[in-house]
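Worksheet: the structure to be examined is printed underneath.
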Amino acid sequence: MNPKVITETQVASLLPTRPNDSHKGQFGSVSIIGGASGMIGAAILAARAALKMGAGCVHVYLLAKNAPSIDLAQPELMIHNAAEGMLENHITHACDVWLAGCGMGTDGDAQELLKKCLLHSGALVLDADALNLIAQHPAFQAQLITRKYPTVLTPHPGEAARLLNCSTTDIQNNRTAAARQLARHFSCSVVLKGAHSLCVAMDGSLFINLTGNAGMSAPGMGDVLAGMVAAFIAQGLSPDDALRLAVYLHGAAGDQLAQKTTLGMTASELTGAARERLHLWLSTRDA
């Protein structure tokens, strides 16, 4: 069966209208685990994206021992040092979505944190190093397969190849089969990233995204996408709807930036473009 094309009409109205008397507690909380030494930016990019896509509050747990205690460019983020046990104190707090993997690394500390995340009694988004750890450790695979709560995987072709124990060429030669196999084997919603990203819903439905361009081949783009997915789940969308909205909007924001240039496009500016595009959709709908 051919994949269905994701369209603006399908996704632009998925987020509910916010009432005038709303407050931040109505828009969910996101907790992000990542940012090992040298990779703090990955977690911060994801967190900023989650905040600017409307999540009510965003916690960031950084693994780096020299992690900052504040993001001066985005002080609304609540930043904790995971290495000092902050995550242990907060793992049971009322959080709607955990996102793990952005710059997380694969050392022992990262493994312990991923183990706790897989036990989280709520939605979970797994990206980057979280996927690499799952590919490396059968025990994590077993935890993931038996999870009773919604999980979203966001691999690029290399990560997908590691998860399926094959080559990147194998993945690219039959992306549809690979995406479906990942979703079926791990009982998850999946986006197989790349040109014309493929989304597989929990019921096996397959969607293809046609937004996006070569300028988006830049560092941090995947971190931004993961943060967007988490934010939309936190605001009440199903993981499948959140995934389709985030993937389409992510590419559409890149296309908006590409109207000026594709050279030197950055993940940071894509977050701003995504917020502008989302605002346009919502204001048009609610007018």
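Throughout, read-outs are computed from the coordinates displayed, never taken from laboratory work. Because the structure is a prediction, the values reported are computed rather than measured. Neighbour counts are summed over all protein chains in view; Cβ atoms, including those assigned to glycine, are modelled from backbone coordinates with ideal geometry.
Some values worked out for this structure:
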| quantity | calculated |
| --- | --- |
| Hits in segment 1-12 - residues which are in a loop (DSSP other than H, G, I, E, B), of a type in the set (S, T, N, Q) and under 16 Å from LEU243 (Cβ atoms) | THR7 |
| Candidates GLY254, GLY204, filtered to the one that is in contact (Cβ under 8 Å) with a residue 24 or more places away in the chain, more than 19 Å from LEU14 (Cβ to Cβ) and part of a helix (DSSP H, G or I) | GLY254 |
| Hits in segment 45-76 - residues which are over 17 Å from GLY272 (Cβ atoms) and of a type in the set (Gly, Ala, Ser) | GLY56, ALA64, ALA67, SER69 |
| Count of segment 172-191 residues which are in contact (Cβ under 8 Å) with a residue 40 or more places away in the chain and part of a helix (DSSP H, G or I) | 3 |
| Residue within segment 108-120 that is farther than 22 Å from CYS188 by Cα, touching a residue at least 12 places away in the same chain (Cβ under 8 Å) and touching a helix residue (DSSP H, G or I) at 6+ places or on another chain (Cβ under 7 Å) present | yes |
| One residue from GLY222, GLY215 being in contact (Cβ under 8 Å) with a residue 40 or more places away in the chain, surrounded by 18 or more Cβ atoms within 10 Å (Cβ to Cβ) and farther than 25 Å from ARG180 by Cβ | GLY215 |
| Among the candidates ALA273, ALA230, ALA253, residue that is in contact with a Lys or Arg (Cβ under 9 Å, 6 or more places away or on another chain) and under 19 Å from ASN209 (Cα atoms) | ALA253 |
| Residue pairs meeting the criteria (Cβ under 7 Å; at least 6 apart or on separate chains; first more than 21 Å from SER238 (Cβ to Cβ), in segment 123-138; second of a type in the set (Lys, Arg)) | ASN132/ARG162; ALA135/ARG162 |
| Leading residue by the ranking (surrounded by the fewest Cβ atoms within 10 Å (Cβ to Cβ)) among those in segment 3-13 that are touching a Lys or Arg at 6+ places or on another chain (Cβ under 8 Å) and more than 20 Å from GLY204 (Cα to Cα) | SER13 |
